[in-house]
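What follows is a single structure, written as C-alpha coordinates, with notes after it.
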Amino acid sequence: MHKVTFDEIKLEKPEQGLEDLQKDFLSDRENELPRLEKAILDSDFTSVSAIAHNWKGFCKPYGFQLLGELSESLDLASKSKDSKMCLNLKQNINSYLKIKREILVG
(Lines give C-alpha, C1' and ligand atoms only; values in the text may rest on other atoms or scores of the structure.)
Protein backbone atom coordinates (compact mmCIF):
# COMPACT_ATOMS: atom_id res chain seq x y z
CA MET A 1 0.00 0.00 0.00
CA HIS A 2 1.32 3.40 -0.99
CA LYS A 3 1.96 5.76 1.93
CA VAL A 4 1.33 9.33 0.79
CA THR A 5 3.80 12.09 1.60
CA PHE A 6 3.48 15.83 2.14
CA ASP A 7 5.54 16.53 -0.99
CA GLU A 8 3.33 14.33 -3.17
CA ILE A 9 0.17 15.95 -1.86
CA LYS A 10 1.61 19.44 -2.29
CA LEU A 11 2.08 18.76 -6.02
CA GLU A 12 -1.61 18.04 -6.57
CA LYS A 13 -3.43 20.76 -8.51
CA PRO A 14 -7.14 21.21 -9.29
CA GLU A 15 -8.51 21.79 -12.75
CA GLN A 16 -8.74 25.44 -13.72
CA GLY A 17 -11.72 27.13 -12.13
CA LEU A 18 -11.99 24.72 -9.19
CA GLU A 19 -9.28 26.27 -7.03
CA ASP A 20 -11.76 28.16 -4.85
CA LEU A 21 -13.77 24.99 -4.18
CA GLN A 22 -10.92 22.92 -2.75
CA LYS A 23 -11.50 23.89 0.89
CA ASP A 24 -15.21 23.06 0.65
CA PHE A 25 -14.37 19.76 -1.03
CA LEU A 26 -11.93 18.99 1.78
CA SER A 27 -14.49 19.84 4.48
CA ASP A 28 -17.09 17.65 2.81
CA ARG A 29 -14.73 14.66 2.80
CA GLU A 30 -13.76 15.29 6.43
CA ASN A 31 -17.45 15.42 7.37
CA GLU A 32 -18.02 12.05 5.71
CA LEU A 33 -15.23 10.31 7.65
CA PRO A 34 -17.39 9.36 10.68
CA ARG A 35 -19.95 7.72 8.38
CA LEU A 36 -17.14 5.87 6.58
CA GLU A 37 -15.60 4.71 9.85
CA LYS A 38 -18.95 3.52 11.19
CA ALA A 39 -19.63 1.59 7.99
CA ILE A 40 -16.22 -0.11 8.24
CA LEU A 41 -16.66 -0.97 11.92
CA ASP A 42 -20.18 -2.30 11.22
CA SER A 43 -18.86 -4.36 8.27
CA ASP A 44 -21.34 -2.48 6.08
CA PHE A 45 -19.28 -3.02 2.95
CA THR A 46 -22.09 -1.80 0.69
CA SER A 47 -21.90 1.65 2.31
CA VAL A 48 -18.09 1.62 2.34
CA SER A 49 -18.09 0.82 -1.36
CA ALA A 50 -20.66 3.53 -2.13
CA ILE A 51 -18.65 6.21 -0.32
CA ALA A 52 -15.35 5.09 -1.85
CA HIS A 53 -16.88 4.85 -5.31
CA ASN A 54 -18.26 8.39 -5.08
CA TRP A 55 -14.95 9.78 -3.85
CA LYS A 56 -12.83 8.09 -6.50
CA GLY A 57 -15.12 9.50 -9.17
CA PHE A 58 -14.74 13.17 -8.38
CA CYS A 59 -11.45 13.65 -6.50
CA LYS A 60 -9.13 14.32 -9.42
CA PRO A 61 -10.76 17.50 -10.84
CA TYR A 62 -10.58 19.12 -7.39
CA GLY A 63 -6.88 18.34 -6.99
CA PHE A 64 -7.24 15.33 -4.70
CA GLN A 65 -5.66 12.76 -7.00
CA LEU A 66 -4.09 10.64 -4.25
CA LEU A 67 -7.38 10.55 -2.36
CA GLY A 68 -8.93 9.20 -5.54
CA GLU A 69 -6.32 6.43 -5.62
CA LEU A 70 -6.89 5.61 -1.94
CA SER A 71 -10.64 5.58 -2.56
CA GLU A 72 -10.24 3.18 -5.46
CA SER A 73 -8.24 0.84 -3.21
CA LEU A 74 -10.89 1.19 -0.50
CA ASP A 75 -13.62 0.35 -2.98
CA LEU A 76 -11.77 -2.82 -3.99
CA ALA A 77 -11.12 -3.78 -0.35
CA SER A 78 -14.79 -3.29 0.52
CA LYS A 79 -15.86 -5.49 -2.40
CA SER A 80 -13.62 -8.26 -1.07
CA LYS A 81 -14.95 -7.59 2.47
CA ASP A 82 -11.45 -7.03 3.83
CA SER A 83 -12.12 -5.16 7.10
CA LYS A 84 -8.47 -4.87 8.05
CA MET A 85 -7.50 -3.36 4.69
CA CYS A 86 -10.49 -1.00 4.84
CA LEU A 87 -9.37 0.23 8.28
CA ASN A 88 -5.78 0.69 7.07
CA LEU A 89 -6.95 2.63 4.04
CA LYS A 90 -9.24 4.78 6.21
CA GLN A 91 -6.23 5.65 8.38
CA ASN A 92 -4.28 6.61 5.27
CA ILE A 93 -7.22 8.72 4.13
CA ASN A 94 -7.28 10.45 7.54
CA SER A 95 -3.56 11.21 7.23
CA TYR A 96 -4.00 12.43 3.67
CA LEU A 97 -6.84 14.79 4.62
CA LYS A 98 -4.85 16.20 7.57
CA ILE A 99 -1.92 16.97 5.29
CA LYS A 100 -4.21 18.42 2.63
CA ARG A 101 -5.81 20.70 5.27
CA GLU A 102 -2.35 21.87 6.36
CA ILE A 103 -1.49 22.72 2.75
CA LEU A 104 -4.79 24.43 1.89
CA VAL A 105 -5.60 26.16 5.17
CA GLY A 106 -2.29 26.37 6.97
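The values are calculated or read from the model by the stated rules, or taken from the named source; none is laboratory data. What you see is a predicted model, and the numbers here were worked out from it, not measured in a lab. With ideal geometry, Cβ positions are generated from the backbone for all residues, glycine too; neighbour counts draw on all protein chains shown.
Conditions tested, residue by residue: (1) more than 21 Å from ILE9 (Cβ to Cβ); (2) crowded, with 21+ Cβ neighbours inside 10 Å; (3) hydroxyl-bearing (Ser, Thr, Tyr).
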| site | (1), (2), (3) |
| --- | --- |
| ASN31 | no, no, no |
| SER43 | yes, no, yes |
| LYS56 | no, no, no |
| GLU72 | no, no, no |
| LYS81 | yes, no, no |
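Identify, from the list GLU37, GLU30, GLU12, GLU19, the residue that is of a type outside the set (Gly, Ala, Ser) and touching a Phe, Trp or Tyr at 6+ places or on another chain (Cβ under 7 Å). Please lay out each step first, then the result.
Numbers: GLU37 fails: touching a Phe, Trp or Tyr at 6+ places or on another chain (Cβ under 7 Å); GLU30 fails: touching a Phe, Trp or Tyr at 6+ places or on another chain (Cβ under 7 Å); GLU19 fails: touching a Phe, Trp or Tyr at 6+ places or on another chain (Cβ under 7 Å).
Matching residue, one of GLU37, GLU30, GLU12, GLU19: GLU12.
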Going through segment 77-106 in order, the residues found to be assigned to a helix (DSSP H, G or I) and of a type in the set (A, V, I, L, M, F, W, C) are ALA77, MET85, CYS86, LEU87, LEU89, ILE93, LEU97, ILE99, ILE103, LEU104
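So which of LEU70, LEU66, LEU74 ends up being within 18 Å of LEU18 (Cβ to Cβ) and part of a helix (DSSP H, G or I)? Give the derivation first.
Details: LEU70 fails: within 18 Å of LEU18 (Cβ to Cβ); LEU74 fails: within 18 Å of LEU18 (Cβ to Cβ).
So the residue among LEU70, LEU66, LEU74 that is within 18 Å of LEU18 (Cβ to Cβ) and part of a helix (DSSP H, G or I) is LEU66.
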If the Cβ limit is 6 Å and pairs must be 6+ apart or interchain, which residue in segment 80-105 that is of a type outside the set (S, T, N, Q) pairs with which residue that is assigned to a loop (DSSP other than H, G, I, E, B) and surrounded by 14 or more Cβ atoms within 10 Å (Cβ to Cβ)?
TYR96/VAL4
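Of the residues ILE9, ILE51, ILE40, which is modelled with pLDDT of 95 or more, assigned to a helix (DSSP H, G or I) and within 13 Å of the chain's Cα centre (by Cα)?
Numbers: ILE9 fails: modelled with pLDDT of 95 or more; ILE40 fails: within 13 Å of the chain's Cα centre (by Cα).
Testing whether each residue is modelled with pLDDT of 95 or more, assigned to a helix (DSSP H, G or I) and within 13 Å of the chain's Cα centre (by Cα) leaves just ILE51.
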Just to verify a result, which residue in segment 83-97, among those that are farther than 25 Å from LEU18 by Cα and surrounded by fewer than 20 Cβ atoms within 10 Å (Cβ to Cβ), is nearest to the chain's Cα centre (by Cα)?
GLN91
